[in-house]
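Colleague: Questions regarding the structure given below will be posed in turn.
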């Protein structure tokens, strides 16, 4: 989740259920950055 570079395309949705709240604040911010990079615009 913190490194999604192996995903070579953009996605309409990324679903994470009951995951992010287990991360500390820095890792949570890093995870969001990675997720937003992989989401399609629009």
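Colleague: Taking interchain pairs and intrachain pairs at least six residues apart, which have beta carbon atoms under 7 angstrom, with the first residue in the range 2-14 and on the phi > 0 side of the Ramachandran plot and surrounded by fewer than 10 Cβ atoms within 10 Å (Cβ to Cβ) and the second part of a strand (DSSP E or B) and modelled with pLDDT under 75?
Modeller: No pair meets every condition.
Colleague: Considering only residues that are surrounded by 10 or more Cβ atoms within 10 Å (Cβ to Cβ) and part of a loop (DSSP other than H, G, I, E, B), which ones fall in the range 17-42?
Modeller: 19, 23, listed by residue number.
The values are calculated or read from the model by the stated rules, or taken from the named source; none is laboratory data. Computed from a predicted structure; not experimentally measured. Quick reminder, even Gly has a Cβ in these numbers, built from the backbone with ideal geometry, and neighbours come from all protein chains shown.
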